[in-house]
1. If I take the Cα coordinates of the range 124-177 and project them onto the principal axes, what are the three extents in Å, biggest first?
2. Does a label point 7 Å from the Cα of Val143, set along Cα-to-beta-carbon, have any residues of the range 235-256 with amide nitrogen under 19 Å, and which are they?
3. Just to check I understand the Karplus step: with θ = phi - 60° and J = 6.51 cos²θ - 1.76 cosθ + 1.60, what whole-Hz values come out for the range 133-142, glycine and proline as x?
4. Heavy atoms only, probe 1.4 Å: what % of the accessible area of the chain goes to carbon and sulfur, would you let me know?
5. With θ set to phi - 60° and the Karplus curve 6.51 cos²θ - 1.76 cosθ + 1.60, what are the ³J(HN,Hα) couplings of the range 176-182 in order, to the nearest whole Hz, using x for Gly and Pro?
6. In Å², what does the accessible area per residue of the range 122-278 work out to with a 1.4 Å probe?
7. Quick one: which residues, 5+ away or cross-chain, put their amide H under 5 Å from the amide H of Asn111? H built at 1.01 Å from N.
8. Evaluated at 4 °C with a viscosity of 1.567 mPa s, what Stokes-Einstein diffusion coefficient in µm²/s does the range 193-297 have when Rh comes from the Kirkwood expression over alpha-carbon pairs?
Amino acid sequence: MTGVRAGVDIGATKTLVVMCDEDGRELDSTSAPSQSHQGGAAILDRVAELVSSLVPDDAVLAGVGVGAAGVVDPVTGTVLVTGDSFTGWAGTPVNAELSARLRGVPVRTVNDVDGFLLGELLPEERNVLGVAAGTGVGGALFVDGRLLYGGATGAGEIGHVGRYGEERCTCGQIGHLEAYASGRALARRYAEATGRTLAAEAVAAAALAGDHAAQTVFTDAGRFLGQAIAHAAGLLGVATCVLGGSVVKSWALLEKPVREALEERPLLSGKPVSVRLSRNGAKSVALGAASLTAGIHRLPEVNNP
Ligand SMILES: [Zn+2]
């Protein structure tokens with residue numbers, strides 16, 4: 001019997017499962033709508049069904065890794081904080097409850113942006129910042145060859161630090177990166193400037209067609225994103241950044257202000273900060289989560305207050 005490992009990405013709208021061989025190579029994948037408003041038991045029932053459906057007849061499931069939105073306790077896999085995209089999900093001990101649905105297979109759970117970053121690492125890389133700009137802006141840190149968790153509040157929340165201006169953030173504070181560089185922020189700022197309500201993708205199309213207000217909101221987003229990357233790089237000694245998320249699909253609009261902001265803030269070491277885009281796209285979180293179960297990445301065994 002060969003062993004297989006599953007990686008799961010539990011998003012607000014969709015749950016994606018990727019089945020991998022022992023070396024982390026993808027064998028198969030499937031997805032279904034998340035039961036995001038049906039509570040933790042229903043969400044995990046759906047995950048267990050999808051995982052079980054992908055285990056080949058001649059293989060044994062050796063482990064399951066989960067990437068979940070929100071602040072996640074890396075020891076129990078409990079999602080501590082979720083936004084309004086989930087109901088009855090916060091407080092669910094994912095590791096124990098999913099394992100119980102899968103005949104005791106070991107389960108490890110991390111924040112989805114941590115999963116994204118693991119799914120984007122190149123084999124030789126030991127220091128990388130991951131930033132996912134989509135509905136919100138999340139960050140993850142791989143430092144000295146391991147994920148940085150910090151305490152219960154979660155490390156790497158690049159979307160909710162800094163003060164880049166006076167916009168109110170989704171968290172209630174003022175001027176955070178998420179208030180400028182998330183899809184919702186781009187749409188809101190464009191509506192404020194023009195009175196026209198467009199989704200972020202449509203704002204991007206308008207910017208590419210020469211709409212000045214649309215160009216300005218993307219230039220601000222790119223500039224502040226570059227500044228945030230430069231600050232994180234300087235503080236943590238991480239000179240490589242991987243960017244993902246739906247907003248980054250508009251890289252043609254973001255690249256110049258991001259690179260200018262980085263060039264204006266060279267690291268003390270003189271080493272340039274390199275920025276690259278996600279290679280695995282929508283599968284990064286699940287592929288990274290699958291790698292959690294292979295013993296490549298150590299997770300904390302006890303809480304770290
Ligand atoms: Zn915030």
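The values are calculated or read from the model by the stated rules, or taken from the named source; none is laboratory data. Given the structure is predicted, the values throughout are model-derived calculations rather than measurements. All Cβ positions, glycine included, derive from the backbone under ideal geometry; neighbour counts span all protein chains shown. The area values use the complete protein model at the heavy-atom level, side chains included, leaving out ligands, DNA and RNA. Shrake-Rupley method; radii C 1.70, N 1.55, O 1.52, S 1.80 Å.
1. Principal extents (Cα only, largest first): 39, 22, 18 Å.
2. 235-243
3. Result, rounded to whole Hz: 10, x, 4, x, 10, x, x, 8, 10, 10.
4. The value for the chain is 53 percent carbon and sulfur by accessible area.
5. Going residue by residue, I get 5, 4, 4, 6, 10, 10, 8 Hz, with x marking Gly and Pro.
6. Accessible surface, normalised per residue, equals 46 Å².
7. Sorted by chain and number, the residues that satisfy this are Ala68, Val72.
8. Values: Rh = 15.4 Å.
Approximately 84 µm²/s, per Stokes-Einstein.
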